[in-house]
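The values are calculated or read from the model by the stated rules, or taken from the named source; none is laboratory data. Remember, it's a predicted structure, so these values are computed and weren't measured experimentally. For accessibility, only protein heavy atoms count, side chains too; no ligands or nucleic acids. Shrake-Rupley method; radii C 1.70, N 1.55, O 1.52, S 1.80 Å.
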Amino acid sequence: GKHTVKLDNRTAKVTVKPFELEMGFQFELHVTVSGRKINVSEIPDLPIPKEWMRDKLELNFYKTEQAAGGGEIENVTYTKESGTAVITFLKPG
């Protein structure tokens, strides 16, 4: 729709239009599970910031709670150089 935005002492009329986001990345992870921690290896080196990859890993393993196997995340330690991460859950499972 159409909107009016005030910037400093000026008013701008803007129109919202849909746009397509770039295609996402799909990759395979190798996982080792032990108590509260999961070791993830062979994470590909993608052209995204380190923080984004960390967030993607956290969301992926948090989301799997409904599919039995994930849960609330305490910490994610991601090392881009080695392509590894350790996901620590709040509760063992």
Qualifying lysines (Cα of each under 26 Å from Cα of Lys50; at least 8 residues distant if same chain): Lys37, Lys63, Lys80, Lys91
Computed lengthening from Thr4 to Glu74, 0.36 nm per intervening residue step minus Cα-Cα distance: 21.0 nm
Area of Arg54 that stays accessible when all protein chains are in place (1.4 Å probe, Å², to 10): 80 Å²
3J(HN,Hα) from dihedral phi, region 76-81, Karplus parametrisation 6.51/-1.76/1.60, rounded to Hz, x for glycine, proline: 10, 10, 10, 10, 4, 4
